[in-house]
Each structure stands twice: as C-alpha cells, then as structure tokens.
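S.K.: One structure is given below, represented as structure tokens, and several questions about it will come after.
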Amino acid sequence: MFDLSSYEKLPQSFYNHSDVVHVAKELLGKYVFTNIDGIITAGKIVETEAYCGRNDRACHASVGVTERTKVMYERGGVAYVYLCYGIHHLFNVVSNVEGLADAVLVRAVEPVVGIDIMQIRRGIRVPFGKLTAGPSTLSKALGIHKVHNALSLGGNTLWLARNIEATEELKIEEATRVGVNYAGADALRPWRFYVRDSSFVSVKKRNP
C-alpha cells in the first residue's frame, strides 16, 4: 500500500534557484502529485526541459509579459500550464525569483500512484509504457489542466515532493530540446535531461 508519509513536499528554496538548468536536473527523480476530486495520482519525473526567460528564444517569455506568460514572472514554485495546439495541456514548473521568467517543462513521469485511474483517463487500450511518456500524456494521466495554471506547487491539489527514503543514484543524459527548431541557435542548447534507464522517457536520442 502506498505510504504518503514517505514523501516530503519540496521547499520554497528549491524553486528559487537562479539556474533553471540546475532545477531541471534536480527535478529528475522527484514526484508530481495530484489530488483531483479526492483521487491521488503520482509519477516520478524522468524527463525535463529547461527554459530561461532571458536570451533563450525557445522560451515563451522571450516575447516579454503577455496574458499567457505573466505566470512565468511570478516567484518560483507555481505551475505554468498552457495549451499546445489548443488541445494538449503541458505542465511546467516556474523557478527563480519574481520577475525572472524561468520554467521547466516536465516531459515524462513514471507512474507510481493511482495507475488504474491514469489508465482510465488515458484510455484503457493505451500501452502501459506510453501511459505517461510525453508532456501531454502525463498531464492527461495525472488530471492536470489549464485550470491549474498559476497554482502553488506547495498546496494539496498539485504538488512536487521527494521520497525521503530514496537512495538511488540517477544516471542522467543530456540532449537538445524537442520541437524548438524555430529558436535558431538556441534550439541547439543541451537543455533536455532524462533518466537513462527509464522506459518512460519520450525521446532518448539527441535531435538531429
């Protein structure tokens, strides 16, 4: 049976780190929890991408403050959830201090809690290995929607935690980010990170 007492919410200081690449790496092995209508689901983060609000054309905040990006300028520790192609809800972790728009896209998680619920949300015929392997699929499986945009990650609806009993040492790979070819030279930054041995990583090879 799942023991919630083995998990500790991440402190505010975790999110306020000035280096978004550091945060993206540190998020690997941490856990995303959701409590939707009293149903708890969770997954271990196995793939992330870093986006910097300064000098990074791949970052949404490169255009400045807009209705969509204003949440990125808040103090780290809130969710940035946006719609991709009008249908996919993508979950990002805002980091740094207020006014500096950094965020980490969570690209894949390993299902841990509420797997049966995740399968219902995704569709019973979805292969287990594809259940949460991708930013839109993990959001659907965990019940994350745009309504959760700007929500504190220290609350009881959507939160991040570490397993206080974990002792594993992760083998982390670096690669270029996915789907940002429009960003020119910034598309070549090796700012995607994933756990080498995880079968839930969405893309393992480096982009051409």
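The values are calculated or read from the model by the stated rules, or taken from the named source; none is laboratory data. A quick note: this is a predicted structure, and the numbers were derived from the prediction, not measured. Counting neighbours? That spans all protein chains shown, and the Cβs are built from the backbone with ideal geometry, glycine included. Ligands, DNA and RNA are stripped out before the accessible areas are found, and what is left, the full protein with its side chains, is counted by its heavy atoms. Shrake-Rupley method; radii C 1.70, N 1.55, O 1.52, S 1.80 Å.
S.K.: With the requirement that a residue be part of a helix (DSSP H, G or I) and open to solvent by less than 50 Å² (accessible area, probe 1.4 Å), what does region 158-208 give you?
M.R.: Across region 158-208, the qualifying residues are ALA183, GLY184, ASP186, ALA187.
S.K.: Here is a follow-up. Would you confirm, using the coordinates I've provided, whether TYR85 is out of contact with any strand residue (DSSP E or B) (no Cβ under 9 Å at 6 or more places or on another chain), within 20 Å of ARG68 (Cα to Cα) and of a type in the set (Phe, Trp, Tyr)?
M.R.: yes
S.K.: Something else about it: If you scan region 140-150, which residues turn out to be open to solvent by 60 Å² or more (accessible area, probe 1.4 Å) and under 23 Å from GLY77 (Cβ atoms)?
M.R.: Of everything in region 140-150, those that are open to solvent by 60 Å² or more (accessible area, probe 1.4 Å) and under 23 Å from GLY77 (Cβ atoms) turn out to be HIS145, LYS146, VAL147.
S.K.: Pick out the one residue from GLY154, GLY114, GLY99 that is within 18 Å of PHE200 (Cβ to Cβ) and of a type outside the set (Ser, Thr, Tyr).
M.R.: The match here is GLY114.
S.K.: If you check GLU174 against the conditions, is it under 18 Å from GLU47 (Cβ atoms), at pLDDT below 95 and out of contact with any Gly (no Cβ under 6 Å at 6 or more places or on another chain)?
M.R.: For GLU174, the condition - under 18 Å from GLU47 (Cβ atoms), at pLDDT below 95 and out of contact with any Gly (no Cβ under 6 Å at 6 or more places or on another chain) - is not met.
S.K.: Looking at GLY123, GLY134, GLY129 in this structure, which one is farther than 27 Å from HIS60 by Cβ and either touching a strand residue (DSSP E or B) at 6+ places or on another chain (Cβ under 8 Å) or open to solvent by less than 30 Å² (accessible area, probe 1.4 Å) (or both)?
M.R.: Of GLY123, GLY134, GLY129, the one residue that is farther than 27 Å from HIS60 by Cβ and either touching a strand residue (DSSP E or B) at 6+ places or on another chain (Cβ under 8 Å) or open to solvent by less than 30 Å² (accessible area, probe 1.4 Å) (or both) is GLY123.
S.K.: Tell me which of these ASN96 doesn't satisfy, since it passes every other one: (1) open to solvent by less than 20 Å² (accessible area, probe 1.4 Å); (2) over 16 Å from the mean Cα position of the chain (by Cα); (3) of a type in the set (S, T, N, Q).
M.R.: Among (1) open to solvent by less than 20 Å² (accessible area, probe 1.4 Å); (2) over 16 Å from the mean Cα position of the chain (by Cα); (3) of a type in the set (S, T, N, Q), the lone unmet condition for ASN96 is (2).
S.K.: Checking ASP19 against (1) under 19 Å from LEU105 (Cα atoms); (2) touching a residue at least 12 places away in the same chain (Cβ under 8 Å), which single condition isn't satisfied?
M.R.: That leaves (2) as the condition not met.
S.K.: How do the strands (runs of 3 or more DSSP E) wholly within region 6-87 filter down when requiring 2 or more residues that are touching a Ser or Thr at 6+ places or on another chain (Cβ under 7 Å), modelled with pLDDT under 95 and open to solvent by less than 10 Å² (accessible area, probe 1.4 Å): which remain?
M.R.: Per the criteria, no element qualifies.
S.K.: So which residues in region 102-133 are outside any strand (DSSP E or B) and either at positive phi or of a type outside the set (A, V, I, L, M, F, W, C) (or both)?
M.R.: GLY114, ASP116, GLN119, ARG121, ARG122, GLY123, ARG125, PRO127, GLY129, LYS130, THR132, listed by residue number.
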